[in-house]
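Only one structure is covered here, and it is reproduced in the block below.
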Amino acid sequence: MRSRRISQLVALLAINPYFPYLFSRSVYRGTLKGICVPGLNCYACPLTVFACPIGSLQHSFTLISGKVKGYIARGFGALLYVLGSVGLVGAVVGRMPCGWICPFGFFQDLLYKVPVPKLRLPREVRWGRYAFLLVLVMAVPFVTGVNWFSRLCPMGALEGGLFLKAAPPRDPLPPTGWFFWLKIAVLAFFILWFMFSKRPFCRAVCPLGAMLGLCNRFSIYRLRVDEGLCDRCGRCRRVCPVDIDIFEDPDSPDCIRCLECRKACPRGAIEGSFRESPLTLPRGSSDP
């Protein structure tokens, strides 16, 4: 647990290191802004020096749509870059960045510690993130030419909207209108939800989690459960940030590979590695 918290905090600072903004009030516009990080972090945050993969993915579809003439080829190039960068990370470690790097996942983990009654989400909410990916991130920007997911994203409201209002840039911001307050209402809704349920945004909404989760079944890094040792005691689910029983499907697209289950297992039945493991034997079998 401590190592993961340290990793999340270091990642938050590494992705958002541009503290000179607090003195200059000028946002970073260098070449690093073209590099996508494997986590949900708003590109509008004045402290960030990197791009959000979901924002970049939407932007590629707005260019491909032809709403802005002369940029269709650039849109396809951006699309291939985003899919390639996310796919490369996913092919190596699957959805592990969600558990160890993503700033918004870190935010959800912290808020869940608030002592309020906890609500368990049905497993079917997982399909929501695929709907958001296909509809709001891909189809709607292609049809309208507007990045609607980014405009409504609660991480954008937190890092971009509120931060910029609290520490405005040198260039004047647009007047605060009804849409700003809509974004704040969306953020407030999710903040409240984060206190009651384990990572609901990751499980039901996050398009990046949907993309990385699809890689869990073929990534180089894999989780293995020794069914001969596992007694299905449920301790793995109690500590799991996404509330799953890892023994049911070690390659589940819901799994963020935080390895909390491995630490909590009293029988040592769970292993994570970059190689094939003997912990693939069915229950009751033994080595020849």
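A short reminder: the numbers here are calculations on the coordinates, not readings from a lab. Worth saying up front: this structure is predicted, and the values here are computed from it rather than measured. Note that we place each Cβ from the backbone using ideal geometry, even for glycine, and neighbour counts take in every protein chain shown.
Taking K and R as +1 and D and E as -1, what net charge do the other residues with C-beta under 13 Å from the C-beta of Met195 add up to? The answer is +3. Helical runs (DSSP H, four residues minimum) scored at -39500 (n - 2.57) apiece and divided by the length of the chain put the mean residue ellipticity at 222 nm at -12000 deg cm²/dmol. An oblate overall shape is assigned to the range 53-209, the ratio a/c of its alpha-carbon gyration tensor axes (a ≥ b ≥ c) being 1.5 or greater and a/b not exceeding b/c.
Coupling constants for the range 209-217 follow from the phi torsions by the Karplus curve (6.51 cos²θ - 1.76 cosθ + 1.60, θ = phi - 60°), and in residue order they are x, 5, 5, 5, x, 5, 7, 4, 7 Hz; glycine and proline get x.
Loop-resident trypsin sites (Lys or Arg not before Pro) (DSSP state other than H, G, I, E or B) in the range 96-138 with no more than 10 further Cβ atoms inside 10 Å of their Cβ: Lys113, Arg120. Farthest towards the positive end of the charge dipole of the range 103-159, among the residues Phe107, Phe142, Val125, is the Cα of Val125, using unit charges on the Cβ of Lys, Arg, Asp and Glu. Among residues other than Gly105 with Cβ under 15 Å from its Cβ, the summed charge is +4 (Lys and Arg +1, Asp and Glu -1).
Scoring 57-65, 187-195 by mean Cβ neighbours within 10 Å over their residues and listing the highest first yields 57-65, 187-195. Whats the longest run of the chain with zero GluC sites (Glu not before Pro) that are DSSP loop and have at most 14 other Cβ atoms within 10 Å? My reading of the result: 1-247 is the longest stretch. Close Lys pairs in the chain, defined as Cα atoms under 29 Å apart and 8 or more places apart or on different chains, number 15. Amide H contacts under 5 Å for Cys36: Ala51, restricted to partners 5 or more places along the chain or on a different chain, H placed in the peptide plane at 1.01 Å from N. Compared with the dominant Cα axis of the chain, that is its longest principal axis, helix 2-15 is turned about 20°.
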